[in-house]
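Written below as structure tokens is the structure these notes are about.
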Amino acid sequence: MLARSIGTQLDFRPVNLLYYGDNLDVLRRHIKDATVDLVYLDPPFKSNQDYNVLFAEKDGTGAASQFKAFEDTWEWNIESVRVFEELVESGGRVSDVMRAFRQFLATNDMLAYLTMMAPRLVELRRVLKLTGSIYLHCDPTASHYLKLLMDAVFGPECFRSEIIWKRSSAHSDTKQGRKQHGRIHDVLLFYTKGQSWVWNPQYTIYDDEYVKGFYRHVEKGTNRLYRLGDLTGPGGAAKGNPEYEVMGVTRYWRYSKEKMQELIKEGRVIQTAPGTVPAYKRYLDEMPGVPLQDMWTDIRPIGAQAAERLGYPTQKPETLLERIVRASSREGDCVLDPFCGCGTAISVAQRLKRNWIGIDVTHLAMGLIKSRLLDAFGADVVKTYKVIGEPVSVQDAAELAKEDPYQFQWWALGLVGARRNEEKKGSDQGIDGRLYFHDEPEGGNTKQIILSVKSGHVSVPFLRDLRGVIEREKAEIGVLITLGDATKPMRSEAASAGFYKSPWGSHPRLQILTIAEILEGAGINYPHPSNVTFKRAPRAETPLPEQLELAPSLPYEELTERPMRKKRRKS
Ligand SMILES: C[S@@+](CC[C@H](N)C(=O)[O-])C[C@H]1O[C@@H](n2cnc3c(N)ncnc32)[C@H](O)[C@@H]1O
């Protein structure tokens, strides 16, 4: 059994938590009512774009098997029927809207998707504080249905904005025969739980045309741009404005004589020509910008060469999350991302000194999040969060391997900081992961470690094969990660491969690591002055938030149910 102790709900002081598991299960079993200030969710949708890219090998093969991991989410099947019936039987607005969807859509994939989303949205509302906010990130394929669903869960009176994010530049495929408008935007549905919510106004910079049109004056000496503001009092005497003379001009003014004197002293009052009405100098550099509107065209997608790009296909830009987190939460607040992917919301929350809870159902995402945090905030970041739901014993690992060999493989590779092999064709078979490193002066060659992960029986011939693969691939080191024990003959075979010599010493060319050894702290013996396997997340600019003291009583909850996955055999 995976569980060491099944936690009830969080009832201790806030700590950052990274959960591996299905978010519905995690929310229901682990997150207490009204404890979260801000939810951002970016759920997958059945667009091959999302998951084929995530799971396909570079040549397009192999996608189908791993794509199955999410298949259930979008297919109308026995599980959807069960959830749908539960939703309908629970009554209220959610029941009404689900029944209406069924009548309109019949039992298609979209209904299955909405049936998957409905109970999760209900749980997310439950965990939000009364002053909390939620942003649901989606695209126009489903945004119209999701808005109705959000209305049903949160109430139409709690709808705040539909934000259009221009996520890519224009498509130029008209000449290729495209007969519809280019699809370049995503939709973010912003709802609040109640009628009073956290709101920190955000501003965007003025566009050039506006600046040219209004800030036409340049201050001599400083070159500061300014515009002229009216100093006269609207409504004149009737509104109680004082009348007096300023720079030879008598008018009803909006300020008292004393205040006007102060402004003159500060150089804030200007008379552009003798006899003209004095005006107020409003400097461009003192203006906050344009209050944020619901059309966001200034946040660019993550470019192919962007420093923050981690290679996760659905990764969102940090600037997008920063805007949301800044607008709708305060320092120390709790931000929850139940579909956290490679951890964009989490990383931004950490940088902006919010507490966070992240949930994802793949070990691929978990591995990326951990290395992202490490790269951005340094080694001490691990003290600020707790990972829950990953195997912590050989027995847990064996269960994971039995249940889902791919997830086992991703998890095992993540334990040693390696990445899954993306090119599993022909001669690459048997290579499950790769890890790259540099041990030469700047500009030197990139070296590689080849990894093979086995949860089943392995013996000496396998090691011989692995040795052949290392030689063929011209890799420096090969590693077998095995769930089972390594026999004496296997260890002798590995030892016979000799050593790779680096400026840091000698490293066995063929290494065997058992899961038990790794869980006890063993790692690959290699020179790692700079591991370049994962594209590194740029170091965060703001200092690490004060370390949160971890609650020592926190039970290491394990998730026993993984309803989203079927048992699959690794081919
Ligand atoms: C569109 S991606 C999120 C990307 C993320 N916003 C980022 O910037 O990296 C959706 C994520 O949801 C995860 N996911 C899908 N179904 C899930 C579930 N039921 N529970 C938890 N995570 C899930 C997937 O593994 C994937 O990483």
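Tabulated data
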| quantity | calculated |
| --- | --- |
| Residue check for THR174: exposed (fewer than 15 other Cβ atoms within 10 Å of the Cβ) and over 23 Å from ALA100 (Cα atoms) | yes |
| Residue list for segment 338-356, restricted to those being of a type in the set (A, V, I, L, M, F, W, C) and part of a loop (DSSP other than H, G, I, E, B) | PHE339, CYS340, CYS342, LEU352 |
| THR297 being surrounded by fewer than 22 Cβ atoms within 10 Å (Cβ to Cβ), more than 16 Å from the ligand (Cβ to nearest atom) and not assigned by TED's automatic domain parsing to the domain that holds ASP37 | no |
| Segment 313-356 - residue that is out of contact with any helix residue (DSSP H, G or I) (no Cβ under 7 Å at 6 or more places or on another chain) and near the ligand (Cβ under 10 Å from one of its atoms) and, of those, farthest from TYR406 (Cα to Cα) | LEU320 |
| Test result for ASP151, more than 14 Å from the ligand (Cβ to nearest atom) and not small (Gly, Ala, Ser) | yes |
| Output for segment 432-476, where each listed residue is in a strand (DSSP E or B), closer than 15 Å to ARG419 by Cα and not small (Gly, Ala, Ser) | ARG434, LEU435, TYR436, PHE437, LYS447, GLN448, ILE449, ILE450, LEU451, VAL453 |
| Single residue of GLU245, GLU258, GLU331 found to be without any contact (Cβ under 8 Å) to a residue 24 or more places away in the chain, surrounded by fewer than 19 Cβ atoms within 10 Å (Cβ to Cβ) and in a strand (DSSP E or B) | GLU245 |
| Options ARG160, ARG167, ARG125, ARG93: the member that is assigned by TED's automatic domain parsing to the domain that holds LEU41 and touching a His at 6+ places or on another chain (Cβ under 7 Å) | ARG167 |
| Residue among VAL387, VAL382 that alone is within 16 Å of the ligand (Cβ to nearest atom) and under 20 Å from ALA537 (Cα atoms) | VAL387 |
| Restricting segment 303-328 to residues that are part of a loop (DSSP other than H, G, I, E, B) and of a type in the set (S, T, N, Q), the residue that is nearest to the chain's Cα centre (by Cα) | GLN315 |
| Contacts under 9 angstrom Cβ, first residue in segment 357-370 being in a helix (DSSP H, G or I) and near the ligand (Cβ under 6 Å from one of its atoms), partner of a type in the set (Phe, Trp, Tyr) and at pLDDT 90 or above, 6 or more apart | ALA365/TYR20 |
| Qualifying positions in segment 110-148 - assigned to a helix (DSSP H, G or I), of a type in the set (A, V, I, L, M), more than 16 Å from the ligand (Cβ to nearest atom) and buried (at least 19 other Cβ atoms within 10 Å of the Cβ) | MET110, LEU111 |
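Residues checked against (1) at pLDDT below 50; (2) within 10 Å of the ligand (Cβ to nearest atom):
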residue	(1), (2)
VAL15	no, no
GLY21	no, yes
ARG28	no, no
LYS32	no, no
LEU41	no, yes
ASP50	yes, yes
GLY62	yes, no
ALA69	yes, yes
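A quick yes/no check of all residues on (1) at pLDDT 95 or above; (2) of a type outside the set (Ser, Thr, Tyr); (3) under 26 Å from GLY358 (Cβ atoms):
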| site | (1), (2), (3) |
| --- | --- |
| TRP74 | no, yes, yes |
| ALA100 | yes, yes, no |
| GLN103 | yes, yes, no |
| ALA106 | no, yes, no |
| TYR113 | no, no, yes |
| ALA118 | yes, yes, yes |
| ILE134 | yes, yes, yes |
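The values are calculated or read from the model by the stated rules, or taken from the named source; none is laboratory data. Quick caveat: nothing in here was measured; it's all calculated off a predicted structure. So basically every Cβ, Gly included, is an ideal-geometry build from the backbone, and we count neighbours across all protein chains shown.
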